[in-house]
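Input: a single structure, listed below in structure tokens.
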Amino acid sequence: MGRLDNKVAIITGGAASIGKAITSKLHAEGARVVIAARSGDKGEALATQLGERALYVQTDITRDDDLRHLVARAVEHFGALHILVNNACVYGDDGAETTRDTWLSTLNTNVISAAILGETALEHLAAARGNIVNIGSISGQFPHIGRWAYPVSKAALRHLSRTQAVEYAARGVRVNSVTIGHCWSDPFEGLTGDNRAHADKVSTPYNLMGRVSNAEEVAAVVSFVASEEASYMTGGDVPVDGGYGAMGPEQHYPLMPLLMEGDSGHQ
């Protein structure tokens, strides 16, 4: 028996990278999963791999008609909707030089689409006393040099989660966010040329675990937050960041010994 037996879950961006891990984990826990993604090849392949409790629905989350079709198809095929995971995002960002078009595209995909999909799914989530899990980022909590649009969008998504939690509580719908730190995913693979050891080394000063996370570690937390085991959690933010958010400017290196390494004979 899985913790999500007989639940129906939509996962946006659910065909690749972290989204694929979330889809696979929810399915392994007994859920019937609806894979929402633009990539037909990846979506169909994952649905085929998972079997009869999986459905792929080609979806551009920036199109309201696609969102309405996604929710309608999920309910038509599986009979209900219990869980919505807003995972899909874009990384458009040129720092301070980000154009208006890129700003609007990033905010539209990463925040506005999550808000509209939540509203689109609300009637069915309320009927099932379900929940929403928004996938956030440490970028939404801390400024990152050279990056503007993506961190701002994730900060907005974090606040959206709280807003949805306040609004939807009366309908019996829980809303939480899961904030991800450095994770071995498509962006990290691309940036490092598929060099996991290098990613771990570079990430070490920024977290307490000395490595990047695996997508499966993120998916395990999402599965818990979406389950009845987390029935008293709403408006919360659960970090899967290896301790990134717990560290201050001194990170995890003690200041005093470093001070004492100086020239003690200097007057």
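The values are calculated or read from the model by the stated rules, or taken from the named source; none is laboratory data. Computed from a predicted structure; not experimentally measured. Using ideal geometry, Cβ is built from the backbone for each residue, glycine included, and neighbour counts are taken over all protein chains shown.
The figures follow:
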{"item": "Hits in the range 159-179 (condition: of a type outside the set (S, T, N, Q) and in contact with a Ser or Thr (Cβ under 6 Å, 6 or more places away or on another chain))", "result": "A165, R174, V175"}
{"item": "Of residues in the range 30-69 being touching a residue at least 40 places away in the same chain (Cβ under 8 Å) and small (G, A, S), the one nearest to I10 (Cα to Cα)", "result": "A36"}
{"item": "Failed condition for A72, given (1) free of Cβ contacts under 8 Å to residues at least 40 places away in the same chain; (2) under 27 Å from G243 (Cβ atoms); (3) loosely packed, with under 15 Cβ neighbours inside 10 Å", "result": "(2)"}
{"item": "Selection count, the range 18-51, where residues are of a type in the set (S, T, N, Q) and more than 19 Å from A226 (Cα to Cα)", "result": "3"}
{"item": "Search result, residues across the range 115-161 that are more than 27 Å from D93 (Cβ to Cβ) and without any contact (Cβ under 8 Å) to a residue 40 or more places away in the chain", "result": "E123"}
{"item": "Enumeration of residues in the range 55-87 that are among the acidic types (D, E) and in contact with a helix residue (DSSP H, G or I) (Cβ under 6 Å, 6 or more places away or on another chain)", "result": "D60"}
{"item": "Qualifying positions in the range 2-14 - of a type in the set (G, A, S) and under 14 Å from the mean Cα position of the chain (by Cα)", "result": "G13, G14"}
{"item": "Filter result (under 19 Å from the mean Cα position of the chain (by Cα) and among the charged types (D, E, K, R)) within the range 119-130", "result": "E119"}
{"item": "Helices (runs of 4 or more DSSP H) (entirely within the range 138-241) containing at least 2 residues that are surrounded by 21 or more Cβ atoms within 10 Å (Cβ to Cβ) and modelled with pLDDT of 95 or more", "result": "149-168, 215-225"}
